[in-house]
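K.L.:
Before anything else, here's the structure in question.
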Amino acid sequence: MSKENLIKGLNEDLAAELGTVIRYNYQAALMVGPASQGLRNWFRDEVADELGHAAYLTDVIVDLGGEPTTTPKEFAKPKGLKEMLELDLEMELGDVQHYMAHAELAEKLGYAELKMKLEEMAADEEGHARDLRRIVSGL
Ligand SMILES: [Fe+2]
Ligand SMILES: [Fe+2]
């Protein structure tokens, strides 16, 4: 357990957030038709949320003496709406797991604020996953 491991983990989280910003922006643009506006708004709002997570992680990585990544994580590009939303749900749940693991690491290293913020971000992602589950179950 070292600070370097924590920085590496936070950089993976940052790459995931940057990828999510791009993925949600991209997916919102593919949503067309009369029923799409609500869903587009949800995705546009998420972009702001995920960008806030990315900004926090970037600041923390610099504060810890690391070099924040500027490269987003790659993502699949299914064209069907259901497949898109299922991918998003899966990735949000993955983010929850990563944040919880890194919160534990932050706690072990004595970073109380970081631990709590990472748990808060895990809770945000779980909320996003809940929204997505409800949308997917109605398709
Ligand atoms: Fe996020
Ligand atoms: Fe999210």
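Just so you know, all these numbers are worked out from the coordinates, no wet-lab data involved. Given the structure is predicted, the values throughout are model-derived calculations rather than measurements. Positions of Cβ are generated from backbone atoms using ideal geometry, with glycine treated the same way; all protein chains shown enter the neighbour counts.
K.L.:
Among the listed pairs K77/K117; K8/K108; K73/K115; K8/K73; K8/K117, which have their C-alpha atoms separated by more than 19 angstrom in this model? Mind showing how you got there, number by number?
P.N.:
Details: K77/K117 30 Å; K8/K108 16 Å; K73/K115 23 Å; K8/K73 14 Å; K8/K117 17 Å.
Distance filter (> 19 Å) returns K77/K117; K73/K115.
K.L.:
Also: Provide the packing ranking of 37-50, 87-100, 126-139, i.e. peptides ordered by the mean count of other C-beta atoms within 10 Å per residue, highest first. Mind dumping the intermediate values first?
P.N.:
Numbers: 37-50: 15.6, 87-100: 18.1, 126-139: 14.1.
Those peptides, ordered most packed to least, come out 87-100, 37-50, 126-139.
K.L.:
Before anything else, pin down the relative contact order of the range 1-128: Cα pairs under 8 Å, at least 6 apart, normalised by residue count, whole percent. Intermediate values should be presented prior to the final figure.
P.N.:
Details: 125 pairs, mean separation 39.2, N = 128.
For the range 1-128, the relative contact order is 31 percent.
K.L.:
With no solvent and one equal point scatterer placed on each C-alpha of the range 32-90, evaluate the Debye formula and give log10 I(q)/I(0) for q = 0.28 Å⁻¹, two decimals.
P.N.:
The Cα Debye sum returns log10 ratios of -1.20.
K.L.:
Considering the options V47, G110, G65, tell which one lies farthest towards the positive end of the dipole of the range 24-139, charges being +1 on Lys and Arg and -1 on Asp and Glu at the Cβ, about the Cα centre.
P.N.:
In the range 24-139, that residue is V47.
K.L.:
So the label point goes 7 Å from the Cα of K108 along Cα→C-beta, right? Which residues of the range 64-99 then have their backbone N under 14 Å from it?
P.N.:
None, by backbone N distance to the label point.
K.L.:
Which whole-number percentage describes the relative contact order of the range 1-75, with Cα contacts under 8 Å and a sequence gap of 6 or more? Don't jump to the answer; show the numbers that get you there.
P.N.:
Details: 71 pairs, mean separation 37.3, N = 75.
The normalised contact order for the range 1-75 reaches 50 percent.
K.L.:
Suppose the Debye formula is applied to equal point scatterers at every Cα of the range 48-139; what is log10 I(q)/I(0) at q = 0.14, 0.15 Å⁻¹?
P.N.:
Once normalised to I(0) and log-transformed, intensities are -0.59, -0.66.
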